[in-house]
1. Using only alpha carbons, build the gyration tensor for the range 82-192 and give me the equivalent ellipsoid semi-axes, biggest first, whole Å.
2. Could you give the longest part of the chain that holds none of the GluC sites (Glu not before Pro) found in DSSP loops with at most 15 neighbouring Cβ atoms within 10 Å?
3. In nm, what is the difference between 0.36 nm times the number of residues separating E83 and Q59 and their Cα-Cα distance?
4. Calculated FRET efficiency, L43 and Q190, Cβ-Cβ r, R0 25 Å, to nearest 0.05?
5. Taking K and R as +1 and D and E as -1, what net charge do the other residues with C-beta under 12 Å from the C-beta of H71 add up to?
6. So what is the calculated 222 nm ellipticity per residue for the chain, using -39500 (n - 2.57) for each DSSP H run with n of 4 or more, over all residues, to the nearest 500 deg cm²/dmol?
7. Determine the sum of side-chain charges near T113: Lys and Arg each +1, Asp and Glu each -1, restricted to other residues whose C-beta is under 14 angstrom from that of T113.
8. Looking at the range 89-161, which trypsin sites (Lys or Arg not before Pro) are DSSP coil and have at most 16 other C-beta atoms within 10 Å of their C-beta?
Amino acid sequence: MKLYYAPGTCALACWIALEWAGADYEAVRADYKSEEYQRINPLGAVPALDIGGKRAMTQAPAILQYIADTHPESRLGSNEGVENAFELNETLSFLGSDFHAAFWPFFMPYRYTTDESEAARNAVKESAYARIDRAMLHLDALIAQGSGHVYQGRRSIADAYAFVMARWTEYLPKTWREYPHIAPFMERMQADEAVQHVLQASQA
Ligand SMILES: N[C@@H](CCC(=O)N[C@@H](CS)C(=O)NCC(=O)O)C(=O)O
């Protein structure tokens, strides 16, 4: 299977999960603005996972769940029982719909104002800080509750997903280093062999 990614993006979460799962895959760098890639994902966003079906799979949380489901021995998905499954689903939804979305005005300010001035764009970027902080505080509480992990005290796809997005705060005045439970989580993730491999290979 082929994972389409771009450096620094949420697609790296899927790449880390593929590594943790010991999956047989190929990582392909995508130019998400190209027509060629838009035929793979009409929304023009990474990640996409091509497993040789009629169309590529899209949406990071769904792809992460697919990787966990197809590699149950790697224990990257939820614990047994509907409530545990709900909790992972709830966490992935938070990461995709609240956390990821909080960064959009910061990275793509021109999509949130028709005013093309630099001042207007800077105002949009700065308006993102409060929502990002709110999501980071929630993530910090999840990690405190999860004894150093995002979901139920053990490594899961939620760790990979949270890690790649929390890194984006390095572009902000308040970085992940200022959150008491996120900071040690990030340091542990950065020391993980698979994470190091993905960070290096995705920049190559
Ligand atoms: N809902 C999508 C969002 C994916 C997404 O926004 N990916 C970003 C990278 S982190 C991207 O490709 N952005 C390109 C763009 O918005 O033009 C998902 O969860 O996969």
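1. 28, 15, 10
2. 117-204
3. Gain on stretching E83 to Q59: 6.3 nm.
4. 0.25
5. In short, -3.
6. My calculation for the chain gives -16000 deg cm²/dmol from helical runs alone.
7. Taking every other residue near T113 into account, the sum is -1.
8. none
No value in this document is a laboratory result; all are computed from the given coordinates. Bear in mind the structure is a predicted one, so any value in this text is a computation, not a measurement. Methodologically, a virtual Cβ is constructed for each residue, glycine included, from the backbone with ideal geometry; neighbour enumeration extends over all protein chains shown.
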